[in-house]
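Accompanying notes for the structure given below.
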Amino acid sequence: MCKDKKNDLDIFVVLDGSSDYRSLVNKELEGYNTKLFDSFNQAYYSLYISLPQLIIIAVKIAFKSGEARKRQFEMINDMQLDNILSNIPILFILPVNFDFEDIKNEKYFLKNYIKEPLSPFELRHKTDSIVCASKSALDANPLTKLPGNSSIMESVKNKLDNKTIFSFAYVDIDNFKSYNDKYGFLRGDEVIMMASRLIVNTVYNISKTRHRNIEKYVFIGHIGGDDFILISHPEDMKDITDIIVNDFDKIILSFYNDIDKKRGYIETYDRRKKLNRFPVMSLSVAVIPNVNKRITHYGQISEIASGLKALAKEKTGSNVVLDKRQD
């Protein structure tokens, strides 16, 4: 997630033109595409031209006294009200004697900061960690907090580039939409959360029990809606998917009322506005058992998994379909 080429990432740095920190920033943030500004005003209006991954502000510059200070805070507060700008983290460089009492009435919360004298290692470490956390947060699914599409593609790419042998599975909840339509989205969210916890717990429990290198082999993502992906050591995937499917089938009935549970289906309207019967939710799992040399990019995995998932959905109940092709 955090192994992007840094020169693809923009960082705005607000420093006084004569600041001794300029050379330090240029050296320690080498690799990032840093843009230096003499004032926060310049940086603020540049946000509407291009969005950085981080803004670094020397407080001596941004928090001036009187009306200038007030305008700076208004700009920072305005950023927090903007759906796009509010996602840009800010790292403040605070004077050693900075008085937090002095800003107690300001709306903006100083979440990320370092204090002078500026430590080169601290600046570099803090910058890397904030950029990484920000990218992860933006990509994460808002409900399950699992990594989304960008992180999934990046994880697969890294494993392919490093020639890591791994297995890939695509998990889809069948008949979820009909359940959501009848029981409501809040109940639907509970099903999604249950499924995500089941997948995460199963994958990590088996991987840890077998002493796998988690960072190397394991990844779990939420594509969106009722679709998940998981990556594991090849020797673990069959047990993982079997447990997920079996446990899901045992748990899912508890999400239905007694009538629907007893008859094994629900009645609700389909896409044609026609009343129809839909079976209890189940799982369709498409597995590529061993992603080998014939796979060179995520698009191929996605295409294979999509075809396998279609085969799984042709059968009733929960099913795991394996890719058995060798070329």
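Some values worked out for this structure:
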read-out	value
Residues within region 254-307 that are open to solvent by less than 80 Å² (accessible area, probe 1.4 Å) and closer than 26 Å to residue 322 by Cα, tallied	26
Residue among 138, 143 that alone is touching a helix residue (DSSP H, G or I) at 6+ places or on another chain (Cβ under 7 Å) and either open to solvent by less than 30 Å² (accessible area, probe 1.4 Å) or within 30 Å of residue 270 (Cβ to Cβ) (or both)	143
Cβ pairs under 7 Å, 6+ apart, first in region 185-205 and surrounded by 13 or more Cβ atoms within 10 Å (Cβ to Cβ) and modelled with pLDDT of 95 or more, second part of a helix (DSSP H, G or I) and polar (S, T, N, Q)	188/180
Residues that are among the charged types (D, E, K, R) and not in a helix (DSSP H, G or I), drawn from region 210-246	210, 212, 226, 227, 235, 236
Residue 216 vs. criteria within 21 Å of residue 298 (Cβ to Cβ) and basic (Lys, Arg)	yes
Region 262-285 residues that are modelled with pLDDT of 90 or more, paired with ones that are part of a loop (DSSP other than H, G, I, E, B) and among the small types (Gly, Ala, Ser) (beta carbon under 7 Å, 6 or more apart)	279/264; 280/264; 282/317; 282/318; 283/318
Filter result (touching a residue at least 12 places away in the same chain (Cβ under 8 Å) and open to solvent by less than 60 Å² (accessible area, probe 1.4 Å)) within region 107-125	108, 110, 112, 114, 116, 118, 120, 123
Hits in region 223-236 - residues which are farther than 21 Å from residue 290 by Cα and crowded, with 20+ Cβ neighbours inside 10 Å	226
Pair list, Cβ under 6 Å, 6 or more apart: region 155-167 residue over 12 Å from residue 213 (Cβ atoms), other residue part of a helix (DSSP H, G or I) and open to solvent by less than 20 Å² (accessible area, probe 1.4 Å)	167/237
Residues (part of a strand (DSSP E or B), more than 24 Å from the chain's Cα centre (by Cα) and farther than 28 Å from residue 179 by Cβ) located in region 279-303	289, 290
Any chance residue 105 is in a loop (DSSP other than H, G, I, E, B), among the polar types (S, T, N, Q) and at pLDDT below 80	yes
Residue check, residue 159 open to solvent by 10 Å² or more (accessible area, probe 1.4 Å), of a type in the set (Lys, Arg) and over 23 Å from the mean Cα position of the chain (by Cα)	no
Condition met for residue 154 (open to solvent by less than 40 Å² (accessible area, probe 1.4 Å), in a helix (DSSP H, G or I) and out of contact with any Cys (no Cβ under 7 Å at 6 or more places or on another chain))	yes
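The values are calculated or read from the model by the stated rules, or taken from the named source; none is laboratory data. Everything numeric in this text was worked out from a predicted model, so none of it was measured. Every residue, glycine among them, receives a Cβ derived from its backbone with ideal geometry; neighbour counts consider all protein chains shown. Heads up: the accessible areas ignore ligands, DNA and RNA and are worked out on the full protein's heavy atoms, side chains in. Shrake-Rupley method; radii C 1.70, N 1.55, O 1.52, S 1.80 Å.
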